[in-house]
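Q: Dumping the structure here so I can ask a few things about it.
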Amino acid sequence: SQQGEEDPQALSIQEGENATMNCSYKTSINNLQWYRQNSGRGLVHLILIRSNEREKHSGRLRVTLDTSKKSSSLLITASRAADTASYFCATGLDRGSTLGRLYFGRGTQLTVWP
Amino acid sequence: DAGITQSPRYKITETGRQVTLMCHQTWSHSYMFWYRQDLGHGLRLIYYSAAADITDKGEVPDGYVVSRSKTENFPLTLESATRSQTSVYFCASSERWDTQYFGPGTRLTVL
């Protein structure tokens, strides 16, 4: 399978703490994306990082990409209860025949306690 | 309203019946996708479409049929529903081959 695999499967922290989730993948990618899913809802795009980028920020989110290790991490700083959700990484492959497709991992369930 | 919508949001059907799940987007995005989400499997791609009248199979296409006669619509049909097709189905669209925008999902139960 080419899908990303998130680690850990579940993460439980207190408000104000930082949350770090990791994603590993198997093949060369064009980009890697992170999505959030609140319970019972559709996925919402958070951030995209391209294969030639190493780090990207968006508000309280920081994403890193290490293509040599085929891994990425998502850091959420100063977590809030509203950040409680499942977080998925998705990889877009660097192959013409699969352009447009994303391969999703199984997700990390983040719980932030007040 | 602008965005991507799915209907119905909830559906209960019986084994062997035909079911069609609708997906509509107002952005005129070229790409559209159907996923199913099951516990322990994450999101799995069923079918996708790069443009009107162009569709291709994903990871789990068996038992499903799609069509795309108009850019904005991408219906998914279960020709003869089975219990294993009980799942939450998500439609998504994208302008290019990067960010995807997801609908709210359809929860399908096959009895």
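Q: Do you know which of the residues in the stretch B:5-44 that are of a type in the set (A, V, I, L, M, F, W, C) and open to solvent by 20 Å² or more (accessible area, probe 1.4 Å) is nearest to the chain's Cα centre (by Cα)?
A: Looking at the filtered set, the residue picked out is B:22.
Q: Return the pair list, or none, for Cβ contacts closer than 6 Å from residues in the stretch A:1-20 that are over 13 Å from residue A:89 (Cα atoms) to residues that are open to solvent by 70 Å² or more (accessible area, probe 1.4 Å) and among the hydrophobic types (A, V, I, L, M, F, W, C), at least 6 apart or on different chains.
A: Note: pairs meeting the criteria are A:14/A:113.
Q: Hey, another quick one. Enumerate the strands (runs of 3 or more DSSP E) found wholly within the stretch A:23-114, keeping only those where 3 or more residues are in contact with a Leu (Cβ under 6 Å, 6 or more places away or on another chain) and open to solvent by less than 10 Å² (accessible area, probe 1.4 Å).
A: So the answer is A:29-37, A:85-93.
Q: Ok, one more. If you take the residues in the stretch B:61-91 that are among the hydrophobic types (A, V, I, L, M, F, W, C) and more than 20 Å from residue B:31 (Cα to Cα), which one is surrounded by the fewest Cβ atoms within 10 Å (Cβ to Cβ)?
A: Applying the filter and picking the extreme gives B:88.
Q: Name the residues in the stretch A:1-29 that are among the acidic types (Asp, Glu) and modelled with pLDDT of 95 or more, would you?
A: Matches in the stretch A:1-29: A:15, A:17.
Q: Still on this structure: Which of the residues that make up the stretch B:92-111 are away from chain A (no Cβ under 14 Å) and surrounded by 19 or more Cβ atoms within 10 Å (Cβ to Cβ)?
A: Across the stretch B:92-111, the qualifying residues are B:108, B:110.
Q: Would you be able to tell me the number of residues in the stretch B:45-60 that are among the β-branched types (Val, Ile, Thr), within 11 Å of residue B:34 (Cβ to Cβ) and either open to solvent by 40 Å² or more (accessible area, probe 1.4 Å) or at the interface with chain A (Cβ under 9 Å from one of its Cβ atoms) (or both)?
A: Number satisfying all stated conditions: 1.
Q: Follow-up. Considering only residues that are part of a loop (DSSP other than H, G, I, E, B) and in contact (Cβ under 8 Å) with a residue 60 or more places away in the chain, which ones fall in the stretch B:74-95?
A: Listed by number, the residues that qualify are B:79, B:80, B:81, B:82, B:95.
The values are calculated or read from the model by the stated rules, or taken from the named source; none is laboratory data. Computed from a predicted model, the values in this text were never measured in an experiment. Quick reminder, even Gly has a Cβ in these numbers, built from the backbone with ideal geometry, and neighbours come from all protein chains shown. Note: areas computed on protein heavy atoms with side chains; ligands, DNA, RNA excluded. Shrake-Rupley method; radii C 1.70, N 1.55, O 1.52, S 1.80 Å.
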